[in-house]
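Presented below is the structure to which this report refers.
The values are calculated or read from the model by the stated rules, or taken from the named source; none is laboratory data. Note that the structure is a prediction, hence the values are computed from the model and not measured. In this analysis, Cβ positions are derived from the backbone assuming ideal geometry, glycine residues included, and neighbour counts consider all displayed protein chains.
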Amino acid sequence: MENISKHITYDEATVSPTSLRFGIKNYPTSEQLLSMQTVANNCFEHLREWYGKPIKINSFFRCDELNKKVGGAIGSQHSKGEAIDMSAGTKEENKKLFDWCKLNLKFDQLINEFDYSWIHISFRAGANRNQTLIVK
């Protein structure tokens, strides 16, 4: 597969320095892949179109083994293909992304991680809670 969505490649969504370092096969199932396409098309692509510039994907899909290795939460939405961590490069730009998402998108969770070091957005088809959170 070449792309998850218009602006996210399959490699960008699945390759991780940690998975490469430890030889972890970080391959989504067809169900996880569908969730990845759903969050990408319902959240990321609308944000990217508004922003008009590249947005770096820090973390997208993480199989259970990779999620455990990076210290992710048990049951993380990343392991379900439902969440994207991203950054526009600076805390100021990340705040712009966060604020726009909060006002313009439907989402499950939108998280300001460590004073806008990056933002997390997730989407669950038909089950979004529209939660806005802060991780300090």
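What to note about this one:
- Residue under evaluation Glu82, criteria (1) closer than 19 Å to Tyr116 by Cα; (2) within 13 Å of the chain's Cα centre (by Cα), criterion not met: (1)
- When Ser16, Ser59 are screened for being of a type in the set (Ser, Thr, Tyr), at negative phi and under 11 Å from the mean Cα position of the chain (by Cα), only Ser59 passes.
- Any hit, region 70-82, residues being more than 25 Å from Arg129 (Cβ to Cβ) and either small (Gly, Ala, Ser) or in contact with a Gly (Cβ under 7 Å, 6 or more places away or on another chain) (or both): no
- Scanning region 56-111 for residues that are of a type in the set (Val, Ile, Thr) and within 22 Å of Ala125 (Cα to Cα) gives Ile57, Ile74, Ile84, Ile111.
- Which numbered condition Thr90 misses (of (1) among the polar types (S, T, N, Q); (2) closer than 17 Å to Ser117 by Cβ; (3) within 15 Å of the chain's Cα centre (by Cα)): (3)
- Residue check, Lys25 farther than 24 Å from Lys96 by Cβ and in contact with a helix residue (DSSP H, G or I) (Cβ under 6 Å, 6 or more places away or on another chain): no
- Scanning region 103-127 for residues that are at pLDDT 95 or above and more than 15 Å from the chain's Cα centre (by Cα) turns up Leu103, Asn104, Phe114, Asp115.
- Ala83 fulfils the conditions (1) in contact with a helix residue (DSSP H, G or I) (Cβ under 6 Å, 6 or more places away or on another chain); (2) without any contact (Cβ under 8 Å) to a residue 40 or more places away in the chain except for a single criterion, (2).
- Residues in region 106-136 that are touching a Cys at 6+ places or on another chain (Cβ under 9 Å), in contact (Cβ under 8 Å) with a residue 24 or more places away in the chain and surrounded by 14 or more Cβ atoms within 10 Å (Cβ to Cβ): Phe107, Ile119, Ile121, Ser122, Phe123.
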